[in-house]
1. I'd like to compare A:26-36, B:16-26, A:324-334, B:368-378: which one has the highest average count of other Cβ atoms within 10 Å, and what's the full order after that?
2. Dipole of the stretch A:196-289 (Lys/Arg Cβ +1, Asp/Glu Cβ -1, origin at the Cα centre): which of A:GLY225, A:VAL283, A:ALA209 lies farthest to the positive side?
3. How high is the relative contact order of chain B, given as a whole-number percent (alpha carbon pairs under 8 Å, six or more residues apart)?
4. What are the principal axis extents of the Cα atoms in the protein assembly as shown, in Å, biggest first?
5. With a cap of 16 neighbouring Cβ atoms within 10 Å, and only residues DSSP puts in a loop, list the trypsin sites (Lys or Arg not before Pro) found in the stretch B:38-128.
6. State to the nearest 20 debye the size of the charge dipole of chain B about its Cα centre, where the only charges are +1 on K and R beta carbons and -1 on D and E beta carbons.
7. If the reach is capped at under 16 angstrom between alpha carbons, list the aspartates and glutamates near A:LYS188, excluding any in the same chain fewer than eight residues apart.
8. Roughly what % of DSSP beta bridges within the stretch A:187-332 run antiparallel, to the nearest 5?
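The values are calculated or read from the model by the stated rules, or taken from the named source; none is laboratory data. Note that this is a predicted model, so its numbers are computed, not measured. Backbone-built Cβ (ideal geometry, glycine too); neighbour counts: all protein chains shown. Only protein heavy atoms, including side chains, enter the accessible area calculation; ligands, DNA and RNA are left aside. Shrake-Rupley method; radii C 1.70, N 1.55, O 1.52, S 1.80 Å.
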2 protein chains.
Amino acid sequence: MVLVNENFLKLEESYLFAEIARRVETFRASHPKEKLIRLGIGDVTEPLPQAVIQAMHKAVDEMGRRESFHGYAPDQGYDFLRETIVKNDYETRGIHVDMDEIFVSDGAKCDTGNIGDILAQGNRVALTDPVYPVYVDTNRMAGRSIAYLPSTAENGFRPPLPDEPADVIYLCYPNNPTGTTLPREELKRWVDYALENRSLILYDAAYEAYIRQADVPHSIYEIEGARRVAIEFRSFSKTAGFTGQRCAFTVVPHELEGYTAAGKQIALHGLWSRRTSTKFNGVSYVTQRGAQAVYSPEGQAQVKATVDYYMENARILREGLQACGWEVYGGTDAPYIWLRTPRGVSSWEFFGQLLSKLHIVGTPGVGFGPSGEGYLRLTAFGRREDTLEATERLRKF
Amino acid sequence: MVLVNENFLKLEESYLFAEIARRVETFRASHPKEKLIRLGIGDVTEPLPQAVIQAMHKAVDEMGRRESFHGYAPDQGYDFLRETIVKNDYETRGIHVDMDEIFVSDGAKCDTGNIGDILAQGNRVALTDPVYPVYVDTNRMAGRSIAYLPSTAENGFRPPLPDEPADVIYLCYPNNPTGTTLPREELKRWVDYALENRSLILYDAAYEAYIRQADVPHSIYEIEGARRVAIEFRSFSKTAGFTGQRCAFTVVPHELEGYTAAGKQIALHGLWSRRTSTKFNGVSYVTQRGAQAVYSPEGQAQVKATVDYYMENARILREGLQACGWEVYGGTDAPYIWLRTPRGVSSWEFFGQLLSKLHIVGTPGVGFGPSGEGYLRLTAFGRREDTLEATERLRKF
């Protein structure tokens, strides 16, 4: 008799964004003519940079000719991309990362979920709360216990260190959903904690390209000792509009070690390498060529223009809302605005009000965890005219 | 203290193909001038069909313009592709599959590994032996016990039903690595077994496009009752040369159920849907448009020409080797030739002899499981001239 993984039965009924999509569809069915402004899901709207488009056309042509066709890609990614990543994302910041510590994948969502495969079920997981739901659900699916570390306006969005020792800690900075960042000395606190407690930090830096302030670290490896305790996840999704193209990478330093129950040290690089070669088959050649082009001079200029465009949206939302008395956070180093709901109005109630009255789709803060109650997330990934209109509608609310 | 998944430490030291690559590299380093013929790894060599190339160029252009840009794809795949799959792969054979039973993914390797996420650790797994190593390693990583069902020349490559009840059964037909198939009445035996024992069959049909004989089922759903016990995995990798492009799909029928330890029935469709939306982010739009074009009249003609090309390679190898006394199997409905080694010579020894003396790279049969000892796999995915030369070299051996 085939037995199911019963941890799945303990999950909340549906994945947050699927639930939002359902509610939006219900609204649309009864209001087919209303113009909805979607600032809910964190999906980009600007096209791929032209440098990427050109590189992909060239790669597609290569795939159509026998002499330049590419079959299976190397499981960890093509050297041409991994070299480019090391040089541009790390060397330029004075960070040492070996090329074979880079694992190219089809998404940071997949990686932050799949990384659990190499970790024991018994690890205690700590998450800053509110949090990207994938960290919660993937660990619940694996039967792990989870501790929430509140990150709210009350503590300045600087979550406390865990009370009980945590074995695995997820940190996402710039943060999704709050749009806040951690200054260097705060991140150092976490690295020191992990060094002391032999914990693993899973550092999700998917929004790194949006950092504007000088004292905000772009990589956890800027902090001394981090190579011994942290895996870093990066993505082209938000950097270069790859949400529909699928390319990301994960850095697993050679020095990073986990432990057996008997206390023996085991390099995580070898385990993740084995997981990758066994359960993954590489990223499309065409996509990897596109990702490489992100780093060309033209690609960098085009990416910067797009990020600037979104960050101008963030400024419009943030300043427009602040000017008329809304309490807002984020939006200075991240494409997310974290909006406090009016006093006494819950996240889902406020979501419903925005949907039915203003025809704006946000994301209820509580969907990201208990400490998100009383907040709503708006994204800066909309189009300029929609962002302006949404700001105007909210101003009048 | 972060604990590792200690099941990883019990795995064989390296993944088969990585080990072969290592040995080949060692040989090449000391024999840089020898021309190697690679008939080892099952990777295609013919370019993508022109219909796919055209569709991908068009899709790349769409991704470069704001008005036609695509962000996150639906987790389960675009309707345009899922509809096309249902119509062409199933309706034409009189098989009913609902569109929402199709899950588009980045590879059958990933899917046959990841499916374990929704199954309990305690399931007893049965595998035909020799077997695709991914089934073994992914279940070992999850700590499941595995029973091998020998499939050799001695039993006509018709593996026996399990002695001990099996909860999960992997069947791959046309078979990798043996190149053999199961006739309809044999497959029915397995479906009946699963119905009787409430087992789950994971049916890997990645090589379906190579079937030539009329009595060989293309889908397990041709067998009555299979919708209640089987998940089917398909891929564009071998069908249309997508090994470097990454697109596949998995069919999870609504009727298919697993059980809780307390005996409650749970639809697997819901669990796989939840796993997909939580740990996966869809396949590239460009790739899905390419996959759709496989089914166009031009695409179908081009795919057929490529499959015919490989199957002519298979015929050349099979008949050439048979003519000079080699004992060979497969190659009639699959792109693999399963070659018996000379008496008393082990798979790895024979692999070494072919590499050092004939400069041919095969895959040692024992790498696919204990019953593969004494065999070697050759693929028909080489180029014609290489296939002819390899046949000639083997003839003289």
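1. Answer by packing, highest mean first, reads B:368-378, A:324-334, B:16-26, A:26-36.
2. A:VAL283
3. Values: 752 pairs, mean separation 90.6, N = 397.
For chain B, the relative contact order is 23 percent.
4. 87, 57, 52
5. Working: sites: B:ARG38, B:LYS58, B:ARG65, B:ARG66, B:ARG82, B:LYS87, B:ARG93, B:LYS109, B:ARG124; in loops: B:ARG65.
Those satisfying the criteria are B:ARG65.
6. Here chain B has a charge dipole of around 920 debye.
7. Here the aspartates and glutamates satisfying the reach criterion relative to A:LYS188 are A:GLU196, A:ASP204, A:ASP215, A:GLU222, A:GLU224, A:GLU232.
8. 65
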